[in-house]
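A.B. asks: Okay, here's the structure, questions in a sec.
The values are calculated or read from the model by the stated rules, or taken from the named source; none is laboratory data. Just so it is clear, the structure is predicted and the values come from calculations on it, not from any experiment. Here the Cβ positions follow ideal geometry from the backbone for every residue, glycine too, while neighbour counts run over all protein chains shown.
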Amino acid sequence: MRAPTARAGQTQRHRAHVRQPHQTRKLKRPLSGLLKCGCCGAGMAIKDTRKGRQRIQCTQMKETGACAHRRVYDLDAIERTVFDGLKANLTTPDLIALAEGRKDSFERGGRIVL
Ligand SMILES: [Zn+2]
C-alpha cells in the first residue's frame, strides 16, 4: 500500500474547500462577488449606506491599508452602468438567454454559481 503523498493531501484539502451548490450563499446584489478593485484586484465590499444607497470600497484598503485606492463608489450607479452596458451589447439570442438566466435566478432569490 502506498503512503499518501503530499500532493494527495493537497487535493483532499482543495476538495474540502470547494463549495457545493447547497453551500453557496444567497446573493444580496446582482454583482455580489464580481466587482474587483482596479488597483490591487481585491474584492469590493459594502462600506456603508448613505442616503439609503449602499457604497462600496476595496476590501484590501479597508482591512489592511495595503491598497491605496481609497475611493468609495455608489453601488446603484455601478449596477445601472453595468446593466445598461449589457443591454446595449446583448446582440444575439444566446447572450440574451444567458443574461436573463442570471437575472431570473437572482429575482428568485437564487444561488448563482459561475
Ligand atoms: Zn485595492
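A.B. asks: Check the stretch 57-78 and report whether any residue there is under 20 Å from Glu100 (Cα atoms), assigned to a helix (DSSP H, G or I) and within 16 Å of the ligand (Cβ to nearest atom). Walk me through it before giving the result.
C.D. replies: Our first condition is that a residue be under 20 Å from Glu100 (Cα atoms); within the stretch 57-78, this holds for 76, 78.
Cutting the leftovers down to assigned to a helix (DSSP H, G or I) gives us 76, 78.
With the extra rule that they be within 16 Å of the ligand (Cβ to nearest atom), the set shrinks to 78.
Yes, there is a match, as at least one residue in the stretch 57-78 is under 20 Å from Glu100 (Cα atoms), assigned to a helix (DSSP H, G or I) and within 16 Å of the ligand (Cβ to nearest atom).
A.B. asks: Confirm whether Lys51 is loosely packed, with under 10 Cβ neighbours inside 10 Å, more than 16 Å from the ligand (Cβ to nearest atom) and modelled with pLDDT of 70 or more. Don't jump to the end; show me each part of the working.
C.D. replies: Numbers: loosely packed, with under 10 Cβ neighbours inside 10 Å: yes; more than 16 Å from the ligand (Cβ to nearest atom): yes; modelled with pLDDT of 70 or more: yes.
Against the criterion (loosely packed, with under 10 Cβ neighbours inside 10 Å, more than 16 Å from the ligand (Cβ to nearest atom) and modelled with pLDDT of 70 or more), Lys51 qualifies.
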